[in-house]
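*Asks:* Handing you this structure, nothing more for now.
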Ligand code: AMP
């Protein structure tokens, strides 16, 4: 089982690149943001509990998110490997992940400057059905507000507002940069300039993954 971890600030392109890896290789994308939005949408017991965090741009408690990831990793459809998009985001989540064995692990850090991030996030739309991500400036869908992949409606996330983005960036710096430093110290972190366009970044990631 191979594990690929994608790191980067909100809007660095983790979700978009994870979709591409999933399409090209036999690895499954595990996006903790998508898992959370699905629970909130279902209005499940856990969904109602975590909505108060995610809708305000705060991190969902570690024990909840670690449990969600562990359950997903053990699913039958994950055979060759998986891509983590948005996890681990805290050092306690790193500890949680260390109890899930992987034969091979690779971490990729998508580095971008913050001006780009805010611009990218404010123009981001995603598919309500399949989760594919588009952008009304950089990655325009063929038909306005329609997903190229499955034909469902594209909508803006409710946490993609300027105020909440700023809060998410502050939390990213405080909680997730130490995680990235930890992986850098382990020596298996590949750092890419993710301010380049999507396809240039993708070519670099594809070379690393194959
Ligand atoms: P994302 O789609 O990765 O931007 O995540 C959206 C929101 O889901 C975040 O702002 C958090 O509220 C929550 N979330 C996603 N991943 C995690 C995580 N690993 N730990 C805690 N909260 C998370």
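Values in this text are rule-based calculations from the coordinates and carry no lab data. What you see is a predicted model; the values in this text were computed from it and never measured. A quick note on method: Cβ atoms are made from the backbone with ideal geometry, for glycine too, and the neighbour counts reach across all protein chains shown.
*Asks:* For a quick size check, give me the Cα extents of the stretch 1-109 along its three principal axes, largest first, whole Å.
*Replies:* 35, 28, 27
*Asks:* From Cα pairs below 8 angstrom and at least 6 apart in sequence, can you work out the relative contact order of the chain, rounded to a whole percent?
*Replies:* Rounded, it is 30 percent for the chain.
*Asks:* What share of the DSSP beta bridges in the chain is antiparallel, in percent to the nearest 5?
*Replies:* 25 percent
*Asks:* Quick one: compute the contact order of the stretch 36-132, relative version, from alpha carbon pairs under 8 angstrom and 6+ residues apart, as a percent.
*Replies:* Working: 30 pairs, mean separation 13.5, N = 97.
Computed over the stretch 36-132, the figure is 14 percent.
*Asks:* Just to be sure I understand: with springs between alpha-carbon atoms less than 10 Å apart, which residue in 104, 162, 51 has the highest mean-square fluctuation in the Gaussian network model of the chain?
*Replies:* Evaluated over the chain, the most mobile residue of the options is 104.
*Asks:* To continue, here is another question. Quick check: from the Cα gyration tensor, does the chain come out rounded (a/c under 1.5), prolate or oblate? Let's see the in-between values first.
*Replies:* On the way: a/c = 1.24, a/b = 1.12, b/c = 1.11.
Rounded.
*Asks:* Based on DSSP H runs of at least 4 residues, each adding -39500 (n - 2.57), what is the mean residue ellipticity at 222 nm of the chain after dividing by all its residues, to the nearest 500 deg cm²/dmol?
*Replies:* Result for the chain, helices only: -13000 deg cm²/dmol.
*Asks:* Decide, for the stretch 115-202, between rounded, prolate and oblate: order the square roots of the alpha carbon gyration tensor eigenvalues as a ≥ b ≥ c, take rounded if a/c falls under 1.5, and otherwise choose prolate if a/b is larger than b/c, else oblate.
*Replies:* Cα axes put the stretch 115-202 in the prolate bin.
*Asks:* Would you mind ranking 150, 127 so that the residue whose beta carbon has the fewest other beta carbons within 10 Å leads the list?
*Replies:* By the 10 Å Cβ count, ascending, the order reads 150, 127.
*Asks:* Below 8 Å between Cα atoms, with a sequence gap of 6+, how large is the relative contact order for the stretch 6-71 in percent?
*Replies:* 19 percent
*Asks:* For the chain, modelled as a GNM with alpha-carbon contacts under 10 angstrom, which of 194, 107, 174 fluctuates the most?
*Replies:* Greatest mean-square fluctuation among the candidates belongs to 174.
*Asks:* Among 143, 196, 167, which one moves the most in a GNM of the chain with springs linking Cα atoms closer than 10 Å?
*Replies:* 143
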